[in-house]
Amino acid sequence: MFHEMLKDITKDRHSNISDREELEEKLKESLSGKRFFLILDDIWVKAKNDPQLDELISPLHVGMKGSKILVMTRRKVAARALCDDEPIEMSDLDEDIYFSMFMHYAVGGTSVVDKEEFVQVGRVIAEKLHQSPIAAVAVAGQLGANLDIKFWKNTANHDMLSNTMDALWWSYQSLNLDIRRCFEFCNIFPRRFELRRDELVCMWIAQGFVKTSSATEDMEVVANDYIHELVSCSFLQQEVTSSDTDSFRIHDLLHDLLDKVAGSDCFKIENDRSQRGERWKADVPQDVRHLFVQNYDANLIAEKILRLENLRTLIIYVVEERDTPVEEKVIENICKRMPKLWVLSI
C-alpha cells in the first residue's frame with residue numbers, strides 16, 4: 001500500500017523501491033508539512049490495537065493540519081478502529097443503475113436478436129446478484145461471451161448466484177479449462193501485485209497451459225486471447241491509473257477465490273527483510289509447484305528452495321538498486337538440482 005501511495009504522490013519516481021522501511025521514509029519525506037487527502041479502499045483491520053493499523057497510519061502523522069483520510073471498508077469494526085465517529089453506511093447502487101451497468105458488460109453495443117427477451121432474463125439474473133459490482137461484471141462477462149438465450153435462461157435458474165463468492169465461482173467454472181489453469185497460476189503472485197502481459201504469456205506457454213487447435217496457430221496469439229477473456233469478465237483488471245494496457249491486477253475477492261481453487265500448487269514467500277532484519281523461517285510445502293520469492297536471500301535458496309523436487313516455477317523478485325544480485329553460482333545450482341523447473345524468472 002505504501003508503494004501505491006508513493007507512486008501516486010511522486011508520479012512513479014520511486015516505483016523500484018520495495019523495502020518497507022525505505023518506502024515509509026520516502027512517504028514521510030513526500031508528505032511532511034503538506035496537506036493531503038487520502039482515500040483508503042477495502043481496509044480490513046480488526047481493532048484499534050491491530051499492529052497493521054499502526055503500521056499503516058504511522059507515516060501519515062507528518063502531514064499538515066487539515067489533512068483528511070477517507071476510509072472505505074466492508075466491515076464496521078474496521079471503520080470504528082480508525083475513527084470514533086459513527087461510520088456512514090453506503091447504500092447499494094440504485095437498481096436501475098446497477099442493471100444498466102450489468103447489461104452494458106453483458107451485451108454492450110452488440111446487436112442481438114430479440115433483445116427485449118435478453119433484457120427480461122438479464123433483469124432476473126441481475127436481481128440475484130444483490131447489487132455486487134464485481135459479481136455483475138464477472139457474470140455479465142460470461143453472458144456476453146454466450147449470447148444464447150437458452151444459456152441466459154439456464155443461468156437465471158441457477159442457485160449459485162445468491163452471493164458474491166458463489167457468483168464468482170460460477171463465472172470461474174464457466175471459463176475454458178485451459179484458461180482456468182492460466183488464471184489459477186496467477187495465485188503465485190502476491191495480492192495487488194502488478195502483472196505484465198508479456199510475462200504472463202511467456203510463463204503460461206512455458207508451463208504448457210496454452211493449447212492450440214492446429215500446428216500453424218501461434219501460441220502467443222492464443223495466450224493473448226486468454227488474457228482478453230479474463231479481462232472481459234474482470235478476472236484480470238487493467239490498471240486504471242495508467243495508459244498502459246499491458247498491466248493488470250487481480251481483485252481481492254478473486255484472490256480469495258484463487259486461494260480456494262489453486263490448492264497447494266502455488267506458494268508465496270513475502271520475505272520482508274525490513275522487519276527487524278529477520279529472514280523467512282517457516283517451511284515451504286514440499287509439494288509446491290510454483291513459488292514466488294519477494295526478496296533475494298542466498299541462504300533461503302540453499303536451505304529451503306533447492307529441496308523442492310517438484311518445483312516447476314521459481315520467480316525471484318529482485319530490485320536491482322537495493323537487493324544483492326543473484327549470483328551466477330546460485331543460478332547454476334538451481335538449474336542443476338531442479339530438473340523439473342520449467343520457469344526461472346529473476
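The values are calculated or read from the model by the stated rules, or taken from the named source; none is laboratory data. The model shown is predicted, which means the values in this text are computed figures rather than measured ones. FYI the Cβ positions are ideal-geometry reconstructions off the backbone, even for glycines, and counts take in every protein chain you see.
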(request) State all residues of segment 82-100 that are in contact (Cβ under 8 Å) with a residue 24 or more places away in the chain and either in contact with a helix residue (DSSP H, G or I) (Cβ under 6 Å, 6 or more places away or on another chain) or among the basic types (Lys, Arg) (or both); if no residue qualifies, say none. (result) 99
(message) I'd like to check something: does segment 64-78 contain any residue that is modelled with pLDDT under 80, farther than 25 Å from residue 8 by Cβ and not assigned by TED's automatic domain parsing to the domain that holds residue 253?
(response) yes
(message) Which of the helices (runs of 4 or more DSSP H) found entirely inside segment 128-231 contain at least 2 residues meeting this: more than 30 Å from residue 90 (Cβ to Cβ) and not assigned by TED's automatic domain parsing to the domain that holds residue 291?
(response) 149-156, 177-185, 197-206
(message) So, residue 216, is that one more than 22 Å from residue 252 (Cβ to Cβ) and in contact with a helix residue (DSSP H, G or I) (Cβ under 6 Å, 6 or more places away or on another chain) or not?
(response) no
(request) Residue by residue through segment 79-100, note down the ones that are assigned to a helix (DSSP H, G or I) and either at pLDDT below 80 or surrounded by fewer than 17 Cβ atoms within 10 Å (Cβ to Cβ) (or both). (result) 79, 80, 81, 82, 95, 96, 97, 100
(request) Output the number of the condition that residue 228 fails; it satisfies all remaining conditions of (1) within 17 Å of the chain's Cα centre (by Cα); (2) surrounded by 15 or more Cβ atoms within 10 Å (Cβ to Cβ); (3) of a type outside the set (D, E, K, R). (result) (2)
(request) Name the one entry in 2, 37 that is under 26 Å from the mean Cα position of the chain (by Cα) and modelled with pLDDT of 85 or more. (result) 37
